[in-house]
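Just below is one structure, and these are the notes that go with it.
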Amino acid sequence: MSPSSKVWRLPKDIDTDNLAPGAYMKLPVAQIAKHTLESIRADFAGGVKPGDVIVAGPNFGIGSSREQAAGVLVELGVRAVIAPSFSGLFFRNAFNLGLLLLTCAQAGLINEEETLQIEQQMSDLSSNEASSGTHEGAHDGAHDGAVHTFHIVAPSGLRLECKPIPDFLMQMIDHGGLLNVLKYKYKQN
Amino acid sequence: MMTQDKNSNLSTLKNEKLQPQSLAQKLIAKSAGLEQVSVGDIVTCKVDLAMFHDSSGPRRLKPMLESLGAKIWDTSKVVLVLDHYVPAVDAQSTQIVQLTRDVAKQWRLPNVIDSEGICHVVLPERGHLKPGMLCVGGDSHSPTGGAFGAYMFGIGATEMLGVVVTGEIWVQVPKTLCMNWGGTLQKGVSAKDMMLHMIAKLGMNGGDYQAVEFCGQAVQKLNMQERMTLSNMSAELGSQVGLIAPDQVTIEYLKNTRADLSDEWVKEALETWHSDPKSECEVFDFDASTLSPQVAAPHSPANSSPIESYGEERFNVAYIGACTGAKIEDLRAAAQILKGRKVSNSVKLLVAPASAREQRIAQEEGTLQALTEAGATLLSNSCGACAGYGFAFAEHDRVISSTARNFKGRMGPSSVEVFLASPQTVAASALRGELCDPREYLV
């Protein structure tokens, strides 16, 4: 069980220009963060508290490859973004920067200002298959099949299932992003 | 990139029966050193080329590389393009551009293209792409490389750091969504219209980070610049890549850009880099013959509908620019409409040719003069207003633009309204001062 997190509800199709507006892209992330979502939710950047979560509609993060779109949310202390779907490019950027994204088909059932719990479990789906060499579902032994499963628990008792996340991506969350993972690796070598 | 053991990709069983493979699967398998891959597999691929620009590149990579004490794995596989902050408009962009140039020298990068055009256009123009490659770009429109039969996709700066220190990247093998275009486009209708129509139909994330492949008779008839427009705006479909199987049109383009293509290589490339019959794919059928020019209303490319569905829409700016809208063929298409005519007094027509080389060709053949004599103002060969990083539109501007995205606040203040359309439609609308079907000028 995790500490509880307050919800900021956002609509569908939140794009990277909403998150990190182009006009401020010259500036460091801490400065861009002051303008996060200003075109659609002016109270967000000043009001969000570390540990809060965003719950959004489908297609969160569409648009640019600018990772500052995820970086500003890390900077503001957002604990996770929960949405029915994400831009694939934003998804990679978020994990590379240590921002947890939870794909939850029923995210629409969560309300503004609710306080959520995020439950996490690790399960190893592939251990039998991997060791027997049949490679069912995962040809490549490179990424073993270990996944983390997540549930979101709302105050009403509502318990929503999220799409499992492969262990190698969760390592990035645990280390605080790819840069730290690489630092750890380089130190070991 | 971090948990895998180096030899693990070789673990595919040798005696496993080979399944028909999509073009995407073949490209990934080759880069992963595997005979074949299955949809959903997560594999580690060797990167053949990494492209980054002045915004996503050195200014972000340098501090991270230094904190790791690491070096670029292979500078010959890196291309740096200065296109987002040039020409510098203020002290901050001047500083970014200077830092980029200094770092390029310090890293001894052999491939630097500085203020000579937009990355997605100059990369193939300088012969950096060919079928069979796996490439990454520090820009979301990197799927443009798919027009050349390369598995190319956009990544952020931190992931680019991972690539430049390891030479590798992880990929989850995508499904293939086949956009099958039959028929023949009408005069005045172009790849941009096909793309806006597909985005309206599938939505901005309808590609679900899978592989889109453009095929069918209407696609085969397109020249390379038009094919690049399709692959480029795969980004607006939310797919990871937008592939087109190479054919003679591809080979002709490549032969003009690189000298190393032997007949054997060409033969093998044409035999290899296409989706196998019966490979797994979801087919979407479209008819090019009945397609009208498409226009995307503010503030999303997915707000596209046929031009006939619009009422009067007046504009004070017409913008022909960007990798998706100001390549040589885009300029030619616009010139066909503008030649011998004058832009409306109520409209400012701005043209930012996507590459300096293509601009020279346009000048030599008279295309450029047709544009300027009609009243166009030429801007520099850079991302310009499309990126919104420097030059931008003014409060309450109403713009018709050949660019890729019309998000609120992207190309100027939130009050700016941007309509997306083909270069032909932008040109015709510049003549009238209001939305105008380019076919009216092409009868």
Per the list (1) more than 12 Å from chain B (Cβ to nearest Cβ); (2) part of a helix (DSSP H, G or I); (3) of a type in the set (A, V, I, L, M, F, W, C), residue check on A:ALA69 breaks on (1)
Matching residues, the range B:190-203, being in contact with a Ser or Thr (Cβ under 7 Å, 6 or more places away or on another chain) and crowded, with 24+ Cβ neighbours inside 10 Å: B:SER190, B:ALA191, B:LYS192, B:ASP193, B:MET195, B:LEU196, B:ILE199
Just wondering, is there one or more residues in the range A:18-29 that are in a loop (DSSP other than H, G, I, E, B) and under 30 Å from A:SER156 (Cβ atoms)? no
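Every residue, every condition in (1) closer than 21 Å to B:SER234 by Cα; (2) more than 21 Å from the chain's Cα centre (by Cα); (3) within 14 Å of chain A (Cβ to nearest Cβ), yes or no:
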{"residue": "B:ALA394", "(1), (2), (3)": "no, yes, yes"}
{"residue": "B:SER402", "(1), (2), (3)": "yes, no, no"}
{"residue": "B:ASN406", "(1), (2), (3)": "yes, no, yes"}
{"residue": "B:ARG410", "(1), (2), (3)": "yes, no, yes"}
{"residue": "B:SER414", "(1), (2), (3)": "no, yes, yes"}
{"residue": "B:SER429", "(1), (2), (3)": "no, yes, no"}
{"residue": "B:ASP437", "(1), (2), (3)": "no, yes, no"}
Could you tell me whether any residue of the range B:160-174 is crowded, with 24+ Cβ neighbours inside 10 Å and away from every other protein chain (no Cβ under 13 Å)? no
Hey, can you tell me all the residues within the range A:1-37 that are small (Gly, Ala, Ser), surrounded by 22 or more Cβ atoms within 10 Å (Cβ to Cβ) and touching a strand residue (DSSP E or B) at 6+ places or on another chain (Cβ under 6 Å)? A:SER5
Enumeration of residues in the range B:250-296 that are over 22 Å from the mean Cα position of the chain (by Cα) and among the charged types (D, E, K, R): B:ASP260, B:ASP263, B:GLU264, B:LYS267, B:GLU268, B:GLU271, B:ASP276, B:LYS278, B:GLU280, B:GLU282, B:ASP285, B:ASP287
Mind checking which residues of the range B:416-430 are among the hydroxyl-bearing types (Ser, Thr, Tyr) and in contact with a Gly (Cβ under 9 Å, 6 or more places away or on another chain)? B:SER422, B:THR425
Neighbours by Cβ (under 9 Å, 6+ apart or cross-chain): first from the range B:178-192, under 18 Å from B:GLU329 (Cα atoms); second basic (Lys, Arg): B:THR184/B:LYS221; B:LEU185/B:LYS221; B:GLN186/B:ARG439; B:LYS187/B:ARG439; B:GLY188/B:ARG439; B:VAL189/B:ARG439; B:ALA191/B:ARG227
Within the range A:38-47, is even one residue modelled with pLDDT of 95 or more, surrounded by fewer than 20 Cβ atoms within 10 Å (Cβ to Cβ) and either closer than 24 Å to B:ASP208 by Cα or in contact with a strand residue (DSSP E or B) (Cβ under 6 Å, 6 or more places away or on another chain) (or both)? no
Residue hits (the range B:378-421; within 17 Å of B:VAL347 (Cβ to Cβ) and either in the same structural domain as B:ALA235 (by TED's automatic domain parsing) or assigned to a loop (DSSP other than H, G, I, E, B) (or both)) are B:LEU379, B:PHE393, B:ALA394, B:HIS396, B:ASP397, B:SER402, B:THR403, B:MET411, B:GLY412, B:VAL416, B:ALA421
Find the residue count for the range B:98-131, including only residues that are hydrophobic (A, V, I, L, M, F, W, C) and more than 16 Å from the chain's Cα centre (by Cα). 7
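Listed here are the residues, each with its yes/no results for (1) within 16 Å of B:VAL163 (Cα to Cα); (2) touching a residue at least 12 places away in the same chain (Cβ under 8 Å).
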| position | (1), (2) |
| --- | --- |
| B:ASP41 | no, yes |
| B:THR44 | yes, yes |
| B:ASP54 | no, yes |
| B:GLU66 | yes, no |
| B:LYS71 | yes, yes |
| B:ASP74 | yes, yes |
| B:LEU80 | yes, yes |
| B:HIS84 | no, yes |
Tell me yes or no: at least one residue of the range B:331-349 is closer than 23 Å to B:TYR85 by Cβ, within 22 Å of the chain's Cα centre (by Cα) and outside the structural domain of B:GLY117 (by TED's automatic domain parsing). no
Kindly indicate which of B:GLY132, B:GLY138, B:GLY156, B:GLY145 is away from chain A (no Cβ under 12 Å) and buried (at least 24 other Cβ atoms within 10 Å of the Cβ). B:GLY145
Of all residues making up the range B:336-357, the number that are surrounded by fewer than 24 Cβ atoms within 10 Å (Cβ to Cβ) and of a type outside the set (Val, Ile, Thr): 12
Is there a residue being modelled with pLDDT under 95 and not aromatic (Phe, Trp, Tyr) anywhere in the range B:18-33? yes
In the range A:83-105, what residues are within 23 Å of A:SER156 (Cα to Cα) and either in contact with a Pro (Cβ under 8 Å, 6 or more places away or on another chain) or modelled with pLDDT under 95 (or both)? A:ALA83, A:PRO84, A:THR103, A:CYS104, A:ALA105
With the structure loaded, tell me whether A:ALA42 is within 14 Å of chain B (Cβ to nearest Cβ), over 22 Å from B:GLY57 (Cβ atoms) and in contact with a Gly (Cβ under 7 Å, 6 or more places away or on another chain) or whether it fails that test. no
Note on A:PHE91: of the conditions (1) buried (at least 24 other Cβ atoms within 10 Å of the Cβ); (2) facing chain B (nearest Cβ under 9 Å); (3) closer than 22 Å to A:HIS151 by Cβ, unmet is (1)
Within the range B:237-259, is there a residue that is touching a residue at least 12 places away in the same chain (Cβ under 8 Å), closer than 27 Å to B:GLY40 by Cα, of a type in the set (Ser, Thr, Tyr) and touching a Pro at 6+ places or on another chain (Cβ under 9 Å)? yes
Where residues in the range A:94-113 are away from chain B (no Cβ under 14 Å) and surrounded by 19 or more Cβ atoms within 10 Å (Cβ to Cβ), which of them is farthest from the chain's Cα centre (by Cα)? A:ILE110
May I ask you to verify whether B:ALA269 is at pLDDT 95 or above, surrounded by fewer than 22 Cβ atoms within 10 Å (Cβ to Cβ) and in a loop (DSSP other than H, G, I, E, B)? no
Please go through the range A:45-66 and pick out each residue that is within 12 Å of chain B (Cβ to nearest Cβ) and either assigned to a loop (DSSP other than H, G, I, E, B) or without any contact (Cβ under 8 Å) to a residue 24 or more places away in the chain (or both). A:GLY57, A:PRO58, A:ASN59, A:GLY61, A:GLY63, A:SER64, A:SER65, A:ARG66
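The values are calculated or read from the model by the stated rules, or taken from the named source; none is laboratory data. Remember, it's a predicted structure, so these values are computed and weren't measured experimentally. Using ideal geometry, Cβ is built from the backbone for each residue, glycine included, and neighbour counts are taken over all protein chains shown.
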